[in-house]
Amino acid sequence: MFKLANIDLNLLVVFDLLYQEQNTQRVALRLGITQPAVSHALKRLRHLLNDELFERTSQGLQPTPRASQLHPGIADALARLSDTLNLHDDFNPALSERTFNINMTDIGEIVFLPPLLQHLSHLALGVSLSTVRSHHNGLKQEMEEGQIDLAVGLIPQLRAGFYQQRLFVQRYVCLMRHDHPLAIGDFSLEAFRSAAHAVVVAQGTGHGVVEEQLARSGVVRPVRLTLPNFAAVPYIVSSSDLVVTVTYKLAEAMQARFGLAVREHPLTFPEIPINLFWHRRFHQDPGNRWLRELVFSMFSE
């Protein structure tokens with residue numbers, strides 16, 4: 001029994017071309033090598049397979065019965081190998097049925113998914129998206145293993161082994177119902193302090209910078225509601241007197257649909273860079289490259 005580890009793949013390429021061309025000179029030209037090199041390869045094949053494989057006739061090199069028996073399988077294997085090695089050229093979003101997993105927060109889902117899904121519905125009907133939450137070392141490992149294709153946000157732990165691309169910089173604003181007493185007129189720090197607030201404590205995200213900055217500034221305000229995420233914010237704020245501090249991108253996405261007012265924040269917060277991340281193992285993956293180029297083209301500023 002032959003062991004693949006003991007077979008030089010180049011010999012099989014020479015065998016396939018000899019079967020097609022039946023001439024060592026033409027094979028040499030196709031491979032860009034000398035005719036003696038082709039003859040030497042044929043000699044090694046004969047020894048390896050214990051058969052003459054090709055006999056010289058008035059019609060040129062003619063395959064032996066053994067060569068004719070071997071050729072279909074070898075030609076098919078070489079074609080499959082070539083197809084596999086060239087898969088990077090074959091991603092077609094219009095035909096693909098791939099599911100991409102993206103690590104993002106609930107803010108990311110609100111901001112990114114509606115326009116992304118609309119785009120896919122026109123140009124990539126078979127492509128699906130799945131959002132996930134993974135943090136710290138779990139995220140690094142899952143992206144390294146290919147379980148997560150891309151990550152979006154402020155994720156400082158993704159450094160060695162990762163590429164990143166800036167999408168935009170987040171700033172913070174105040175969100176309230178459109179007919180809130182503070183929706184028009186002066187919105188000073190004192191007005192902010194006196195308003196009733198909803199606070200979102202989003203664990204594992206960059207949103208903690210809000211509470212940290214308020215604490216450093218010595219700003220105390222009445223908190224009437226604390227939430228673990230942003231999903232319910234527009235429903236609650238639109239039907240109450242509560243004011244909430246959110247990113248401008250989120251406020252922009254919610255404002256018209258829920259009849260909300262957006263006010264510039266009376267405090268200055270550090271701007272939060274929102275980046276797109278992917279692992280270097282998948283830098284050349286055609287599907288990964290297509291999706292990150294799409295995200296960048298749609299959301300970068």
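Read-outs: derived from the displayed coordinates by stated rules, not from any lab. Remember, predicted model here, so these are calculated numbers, not experimental data. We place every Cβ from the backbone using ideal geometry, glycine too, and count neighbours over all the protein chains shown.
Viscosity 1.002 mPa s, temperature 20 °C: Stokes-Einstein D of segment 58-126 from its Kirkwood Cα radius, in µm² per second? Present the calculation step by step, with values, prior to reporting the outcome.
Values: Rh = 16.8 Å.
Stokes-Einstein gives a translational diffusion coefficient of 128 µm²/s.
Segment 160-178 to segment 282-301: how many Å between their Cα centroids?
Using only Cα atoms, the two centres lie 18 Å from each other.
Could you point to the residue in Gln25, Val262, Phe230 farthest towards the positive end of the chain's charge dipole, with +1 and -1 charges on the Cβ of Lys/Arg and Asp/Glu respectively?
Of the listed residues, the answer is Gln25.
Determine, for each peptide in 31-40, 6-15, the mean count of other beta carbons within 10 angstrom over its residues, then list the peptides with the highest first. All intermediate terms of the calculation are to be shown ahead of the outcome.
Details: 31-40: 13.8, 6-15: 15.8.
The peptides rank, most packed first, as 6-15, 31-40.
Find how much the distance from Glu211 to Ser240 grows on full extension, using 0.36 nm per residue of separation minus their present alpha carbon separation; answer in nm with one decimal. Intermediate values should be presented prior to the final figure.
Values: separation 29, 0.36 × 29 = 10.44 nm, distance 2.18 nm.
Extra length from Glu211 to Ser240 when fully extended: 8.3 nm.
Under a Cβ-only charge scheme (Lys and Arg +1, Asp and Glu -1), can you give me the dipole magnitude of segment 1-133 about the Cα centre, in debye to the nearest 20?
Dipole magnitude for segment 1-133 comes out near 540 debye.
For the pair Glu301 and Asp76, how long in nm is the line joining their label points, each one 7 Å along Cα→Cβ?
My value for the distance between the label points is 5.7 nm.
Using label points projected 7 Å from each Cα along Cα→Cβ, tell me how many nm separate Ala191 and Leu125, to one decimal.
Inter-label distance under the simple model: 5.1 nm.
GNM on the chain, C-alpha springs below 10 Å: top fluctuator among Lys140, Lys249, Lys43?
For the chain, modelled as a Gaussian network with Cα springs under 10 Å, the answer is Lys43.
Sort Leu42, Leu154 so that the residue with the fewest other Cβ atoms within 10 Å of its own Cβ comes first and the one with the most comes last.
Values: Leu42 20, Leu154 14.
By the 10 Å Cβ count, ascending, the order reads Leu154, Leu42.
For the chain, what relative contact order do you get, as a whole percent, if you take Cα pairs closer than 8 Å and at least 6 residues apart? Can you show the working numbers first?
Working: 394 pairs, mean separation 62.0, N = 301.
Averaging sequence separation for qualifying contacts and normalising by length gives 21 percent for the chain.
Hey, what did segment 4-85 get for relative contact order, percent, Cα under 8 Å, at least 6 apart? Intermediate values should be presented prior to the final figure.
On the way: 58 pairs, mean separation 22.0, N = 82.
The value is 27 percent.
Mind checking the dipole of the chain: about its Cα centre, +1 per Lys or Arg Cβ, -1 per Asp or Glu Cβ, Debye to the nearest 20? If you can, show how the numbers build up before the last one.
Working: 27 positive and 29 negative charges, 103 e Å.
Its charge dipole is roughly 500 debye.
Taking the Cα centroid of segment 179-238 and of segment 36-113, what is the distance between the two, rounded to the nearest whole Å?
60 Å
Please state the relative contact order of segment 72-147 as a whole percent: Cα pairs under 8 Å, 6+ residues apart?
On the way: 47 pairs, mean separation 29.3, N = 76.
Relative CO of segment 72-147 lands at 38 percent.
Using r as the Cβ-Cβ distance of Arg159 and Arg26, and R0 as 41 Å, what FRET efficiency do you calculate, to the nearest 0.05?
0.15
Which distance in nm do the two modelled labels at Gln69 and Leu225 give, with both placed 7 Å along the Cα-to-Cβ direction?
8.0 nm
Which entry in (1) 18.7; (2) 22.4; (3) 15.5 is this structure's computed mean projected area of the Cα convex hull in nm²?
So the structure-derived entry is (2).
Sort 98-104, 71-77, 256-262 by the packing proxy (mean of other Cβ within 10 Å over each peptide's residues), most packed first.
98-104, 256-262, 71-77
With +1 on each Lys and Arg Cβ and -1 on each Asp and Glu Cβ, and nothing else charged, work out how big the dipole of segment 89-182 is about its Cα centre, in Debye to the nearest 20. List each step's numbers first, then the result.
On the way: 7 positive and 10 negative charges, 97 e Å.
So the magnitude is around 460 debye.
Going highest first, how would you order 227-238, 51-62, 170-181 by mean Cβ packing within 10 Å?
Numbers: 227-238: 17.2, 51-62: 13.2, 170-181: 19.2.
Descending packing order for the listed peptides: 170-181, 227-238, 51-62.
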